[in-house]
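Remarks on the structure that follows.
The values are calculated or read from the model by the stated rules, or taken from the named source; none is laboratory data. Worth saying up front: this structure is predicted, and the values here are computed from it rather than measured. Here the Cβ positions follow ideal geometry from the backbone for every residue, glycine too, while neighbour counts run over all protein chains shown. In case anyone asks, the SASA skips ligands and DNA or RNA and just uses the protein heavy atoms, side chains included. Shrake-Rupley method; radii C 1.70, N 1.55, O 1.52, S 1.80 Å.
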Amino acid sequence: WNLQFLLLCYDAGGGGWLIVKTRTEEYSYIGLQLLNRRLHESHEMKELIHSKMHMALAGIHGEVRVDGVFSKYSFPFEYVVLHDVSLESYGKFQIDTVFFTQYFAVVLESKNIGGKLSFKQNPSQLERENEEGKVDVFESPEVQIERNIFLLDEWLKQHGVTIPVFGV
């Protein structure tokens, strides 16, 4: 492996695969829960807090589903899975899941957004229309994955690792 700087626990596993970094607590969701408890039911921000809690919980569930793939299936080659990765290259960035082999890396970003979804261009964004007709706008997942591929590739190069980086 040329990735030993990343995989401090790898040799302890002794096998062909290892999930080295598991997902951490979702502190933003915990913070929203605590704020929600403190606010009076009639507070003007209560509806917004509920909406943000719902979105955060949906995101957590989406990431857990992706995690399940790696716990259920094995691959016929050595690999390492890192969850909830925060790095700094040309700025700080966060990746939901990275799948590493000695030959390539795959960045996985999970979304769990309900409603009618539309991918828009110029500017690139994702729009969601809920049952009541309310439209929410999100960063384009395409833009996010391309940015994270670029930043991870640059970070790896800065650390002497030259493998292709793909995204899903």
Mind checking which residues of the range 98-119 are in contact (Cβ under 8 Å) with a residue 40 or more places away in the chain, more than 16 Å from residue 51 (Cα to Cα) and loosely packed, with under 13 Cβ neighbours inside 10 Å? 103, 104
Considering 78, 146, 131, which residue is more than 26 Å from residue 31 (Cβ to Cβ), under 14 Å from the mean Cα position of the chain (by Cα) and of a type in the set (D, E, K, R)? 146
Of the conditions (1) modelled with pLDDT under 80; (2) within 14 Å of the chain's Cα centre (by Cα), the single one that residue 85 does not satisfy is (1)
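On the basis of being surrounded by fewer than 12 Cβ atoms within 10 Å (Cβ to Cβ), within 20 Å of residue 65 (Cα to Cα) and in contact (Cβ under 8 Å) with a residue 24 or more places away in the chain, does residue 167 make the cut? Lay out the reasoning, then the answer.
On the way: surrounded by fewer than 12 Cβ atoms within 10 Å (Cβ to Cβ): no; within 20 Å of residue 65 (Cα to Cα): yes; in contact (Cβ under 8 Å) with a residue 24 or more places away in the chain: yes.
In short, no.
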Could you tell me whether any residue of the range 120-140 is in contact (Cβ under 8 Å) with a residue 12 or more places away in the chain, among the β-branched types (Val, Ile, Thr) and open to solvent by less than 40 Å² (accessible area, probe 1.4 Å)? no
Give me a count of the residues in the range 29-57 that are surrounded by 10 or more Cβ atoms within 10 Å (Cβ to Cβ), among the hydroxyl-bearing types (Ser, Thr, Tyr) and either assigned to a loop (DSSP other than H, G, I, E, B) or at pLDDT below 75 (or both). 0
Quick one: residue 7 ticks every box in (1) open to solvent by 40 Å² or more (accessible area, probe 1.4 Å); (2) modelled with pLDDT under 80; (3) over 18 Å from the mean Cα position of the chain (by Cα); (4) of a type in the set (A, V, I, L, M, F, W, C) except a single one, so which number is it? (1)
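Quick one: in the range 133-160, of everything that is part of a loop (DSSP other than H, G, I, E, B) and at pLDDT 85 or above, which residue is farthest from residue 92 (Cα to Cα)?
Only one residue tops the list, namely 133.
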I'd like the full set of residues that are in a strand (DSSP E or B) and over 18 Å from the mean Cα position of the chain (by Cα), limited to the range 97-118. 116, 117, 118
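Of the residues that sit in the range 78-96 and are outside any strand (DSSP E or B) and open to solvent by 50 Å² or more (accessible area, probe 1.4 Å), which one is farthest from residue 157 (Cα to Cα)?
Taking the range 78-96 as the starting set, the residues that turn out to be outside any strand (DSSP E or B) are 78, 89-91.
From the residues that got through so far, the ones that are open to solvent by 50 Å² or more (accessible area, probe 1.4 Å) too are 78, 90.
Working: 78: 21, 90: 12 Å.
Among those that are outside any strand (DSSP E or B) and open to solvent by 50 Å² or more (accessible area, probe 1.4 Å), it is 78.
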Determine, yes or no, whether residue 75 is open to solvent by less than 80 Å² (accessible area, probe 1.4 Å), in contact with a Leu (Cβ under 7 Å, 6 or more places away or on another chain) and not charged (D, E, K, R). no
